[in-house]
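Working notes, beginning with the structure itself.
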Amino acid sequence: MLWATAAVTALGFLIALEIAARRYGLPGPITTQVQEVVFAPKSGFLLYASMALMMVVLTWRQRFIAAGVAIGIDVTFLLVRWAADVKVTDGHSFGNGALWVILGYAAIAVTRRTGKERVLLLKGVGLGLLLVAGRKTGDTWLLITSKTRPAVLDQYVATADHALGNPSWLVGRIVTATGPIGAHFLDYVYTQLAVAAVIVALYQLRNVAVERRFPGHHLVRTFLVIGLLGPGIYMIYPVVGPIFAYGADGGHWAVANLWPDTPPPVNVPHQMPFDEITPRNCMPSLHTAWATAIFIHSRKGPRILQFAGAFWLIATLGATLGFGYHYGADIVAGVVFTLTIEAALRSLDRGWDRSGIQLVIYGATVFAALLVSYRYLPMEMAKHPWVAGPLLILAMTSVVHCYVRTTKLWEPKVAPARQPEPQPELV
């Protein structure tokens, strides 16, 4: 019932977004996904990562066959495009095969499987398609934010960011100093965040094919809920980011061309109009939220996975700030946002109790307090940075501390091995 309800809800949400996008003359998530059955996909890596998620329910023999079929289909598409002299100018020239395999297994589940095996295979297919759909709905959400929110609140966040020392300006100068090598490296980390999440999720789901069931909680659930709830905050608190509001990328809409060389002056902030193209996708930083979720879920993996999770978090923070996509205030809000969602999902899995309810309420309260302070107290924060800055960091670390302390109590206690009583020896 839970999976059926989730499927119906997801379908209804996709249809609603499709209708909303069509009102603005834009293709919705369903249209763009159907197009990728034939046309070059936007991200071939994401489609193959989605297929890998689907394959956790398959045997090793079936996995090799599925991967071979996907590669064969992609080679066929590549040859057809070459013969027809079709140039791929946007997206990747591979990935269609992975989508065909996912859809093929959906057909196999309906026509060739019964009972629990059908349900398990449909869950695998649904998991893969949800990751793809999450990307498509995110793209549509961003388009909708740019069309429905003509005014942005960047001046408020930039003013409040003085309390944190304007980290985007600082990291932006560091990234600029590293030249194209550092920028390309961080850009790759930033754009392939979903692939990193799939690697961690594959470790968590490695036993599904043997146990014939999914674990109660895993990274994909957190990843999707972050992507579902985050754009709602974008609509409430529209912000475009320093590279647009204070940089050359903003054109004549920008306050001035200040980023990353000159921090903005402390003036009374106002709402400012902006174009209908740039997404209002800053508050909170969902890339930070997703990278934080990857970090949390990698903690129980082997050492190399823990190292990878920590690396991806640090590199993502460097990219979000260094490219001017986010302010420091967005980062703080993104961490609190993730921990609150993770606590809620873990509580839902294990059963709600007093500690779980308190943790979720506290995280939500801190998150709301951050948004309110950025909006209504930016001048006070900028004028008293040595008070406001530590308070912001303290608020974030208090949520981190409460999360770690509470979830540690949720861990199953391992009973110590019983020592055999000494037996008298025969003389």
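Taking the highest mean first, how do the peptides 203-210, 83-90, 127-134 order by number of other beta carbon atoms within 10 angstrom per residue?
Those peptides, ordered most packed to least, come out 127-134, 203-210, 83-90.
Given [x] 41; [y] 37; [z] 68 as candidate values of percent of Cα pairs over 34 Å apart, which corresponds to the one derived from the coordinates?
Label [y] holds the value from this structure.
What are the ³J(HN,Hα) couplings of region 8-19, residue after residue, when phi is run through the Karplus curve with 6.51, -1.76, 1.60 and θ = phi - 60°? Round to Hz, x for glycine and proline.
3J(HN,Hα) across region 8-19, in whole Hz: 5, 4, 4, 5, x, 5, 4, 5, 4, 5, 4, 5.
Accessible area per residue of the chain at 1.4 Å probe, in Å²?
That works out to 51 Å² per residue.
For G241, which sequence-distant residues (separation of 5 or more, or a different chain) have an amide H within less than 5 Å of its own amide H, given hydrogens modelled in the peptide plane?
HN-HN under 5 Å from G241: empty list.
Which whole-Hz ³J(HN,Hα) couplings does region 50-62 yield from phi under the Karplus relation 6.51 cos²θ - 1.76 cosθ + 1.60, θ = phi - 60°, glycine and proline marked x?
Running phi through 6.51 cos²θ - 1.76 cosθ + 1.60 with θ = phi - 60° gives 5, 5, 4, 5, 4, 6, 5, 8, 9, 6, 4, 4, 5 Hz.
Which cross-chain or sequence-distant (5 or more) residues have an amide H under 5 Å from the amide H of V152, H modelled 1.01 Å from N in plane?
The answer is M272, F274.
Ratio to report: Rg/Rh of region 101-165, with Cα atoms as the point set and Rh obtained by the Kirkwood method; give two decimals.
1.38
For a Förster distance of 41 Å, can you work out the FRET efficiency between the beta-carbons of I174 and A107, rounded to the nearest 0.05?
The pair I174/A107 has a calculated efficiency of 0.20.
Anything over 31 Å Cα to Cα? Flag those among K42/K408; K123/K147; K123/K300; K300/K383, in the order listed.
K42/K408; K123/K147; K300/K383
Tell me, what is the 1.4 Å probe accessible area of K300, in Å² to the nearest 10?
The value for K300 is about 140 Å².
Check each of the trypsin sites (Lys or Arg not before Pro) in region 345-415 and keep only those in coil by DSSP with at most 14 other C-beta atoms within 10 angstrom; list them in order.
Filter output for region 345-415: K413.
What are the ³J(HN,Hα) couplings of region 389-403, residue after residue, when phi is run through the Karplus curve with 6.51, -1.76, 1.60 and θ = phi - 60°? Round to Hz, x for glycine and proline.
Result, ordered by residue: x, x, 5, 5, 5, 5, 4, 5, 5, 5, 5, 4, 4, 5, 5 Hz.
In nm, what is the difference between 0.36 nm times the number of residues separating L78 and W60 and their Cα-Cα distance?
Answer, rounded to one decimal: 3.8 nm.
Over all alpha-carbon pairs in region 248-311, figure out the percentage whose distance exceeds 14 Å.
Here the tail beyond 14 Å accounts for 72 percent of pairs.
When only the heavy atoms of the protein chains count and the probe is 1.4 Å, how do R213, R23 rank by accessible area, highest first?
Listed by decreasing accessible area, they come as R23, R213.
E411 versus Y188, label points 7 Å from Cα toward the beta carbon: distance in nm?
That separation, rounded to one decimal, is 3.5 nm.
Can you give me the distance in nm between label points at R22 and T397, each placed 7 Å from the Cα along the Cα-to-Cβ direction?
Distance between label points: 5.3 nm.
Of the accessible area of the chain, with the probe set at 1.4 angstrom, what percent is carbon plus sulfur?
69 percent
The values are calculated or read from the model by the stated rules, or taken from the named source; none is laboratory data. Since we're looking at a predicted model, the values are computed, not measured. Note: ideal-geometry Cβ built from the backbone for every residue, glycine included; neighbour counts use all protein chains shown. Quick note on the areas: whole protein, heavy atoms, side chains included, nothing else; ligands and nucleic acids left out. Shrake-Rupley method; radii C 1.70, N 1.55, O 1.52, S 1.80 Å.
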